[in-house]
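Visitor: Here it is, the structure, as C-alpha cells.
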Amino acid sequence: FASGTELVSACADSTIKLWNLETATLERTFSGHTNDRHFVGLSVNQDYIACGSEENAVYGYYKAIPKPFVQYRFASQDPLTGEDVQDDDETVFISSVCWCPRHPTMLVAANSLGAIKVLDLAEPVCESDLSDRCG
C-alpha cells in the first residue's frame, strides 16, 4: 500500500503498477527495470517507489513519472584488492529494498549474494550515522 487510496504491485513483465483503490483503476505503469524471472524487492513511501532489478540494480521511481529518476547498480568486490568492480553476472539480482520510515529519502537494498547498501537520495551517508538515523 502506497497510501490509504493507492496500491503498488510488481509484475513479472518488468513493470510496476499503481492502482487507485477508490476507483479500482490503474493510474500508472512504471517501466525501466528488468524483472521476468525472480522476485525483486519492492518498497513504497509517500512519494517514491523503489524496486530491485535482475540487472543487480536498484531503481527509484517518483509516483507521478512512469520512468525511473535514479538507478544504482551494485558492484562486486575483487577478492584480492577488496575494491568494488562491476559485475556482469546475470544471475545476481536485487532481492530486497526498504525505505527508512524516519528518513523518506533513505533506502536499504540487498542483492541475491547478500551485499547490502544504504542509499540516500538527499545526501551521502557515513556508516557512523546509520544507528542514529535509522537505528
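The values are calculated or read from the model by the stated rules, or taken from the named source; none is laboratory data. Note that the structure is predicted; figures quoted are calculated from it, not measured. Note: ideal-geometry Cβ built from the backbone for every residue, glycine included; neighbour counts use all protein chains shown. Heads up: the accessible areas ignore ligands, DNA and RNA and are worked out on the full protein's heavy atoms, side chains in. Shrake-Rupley method; radii C 1.70, N 1.55, O 1.52, S 1.80 Å.
Visitor: Condition first: modelled with pLDDT of 90 or more, open to solvent by 80 Å² or more (accessible area, probe 1.4 Å) and assigned to a strand (DSSP E or B). Can you find one or more residues in region 29-38 that meet it? Reasoning before the result, please.
Guide: Step one: filter region 29-38 for residues modelled with pLDDT of 90 or more, giving 29-33.
Now drop any that are not open to solvent by 80 Å² or more (accessible area, probe 1.4 Å), which leaves none.
Scanning region 29-38 turns up no residue that is modelled with pLDDT of 90 or more, open to solvent by 80 Å² or more (accessible area, probe 1.4 Å) and assigned to a strand (DSSP E or B).
Visitor: Only one residue in V8, V44 is in contact (Cβ under 8 Å) with a residue 40 or more places away in the chain, open to solvent by 30 Å² or more (accessible area, probe 1.4 Å) and within 15 Å of K63 (Cα to Cα), so which one is that?
Guide: Details: V8 fails: open to solvent by 30 Å² or more (accessible area, probe 1.4 Å).
The conditions single out V44.
Visitor: Still on this structure, I have one more. Please work out if S112 is open to solvent by less than 70 Å² (accessible area, probe 1.4 Å), of a type in the set (S, T, Y) and at pLDDT below 85. If you could, list the steps in order and put the result at the bottom.
Guide: Values: open to solvent by less than 70 Å² (accessible area, probe 1.4 Å): yes; of a type in the set (S, T, Y): yes; at pLDDT below 85: no.
Considered against the rule, which asks whether it is open to solvent by less than 70 Å² (accessible area, probe 1.4 Å), of a type in the set (S, T, Y) and at pLDDT below 85, S112 comes out as no.
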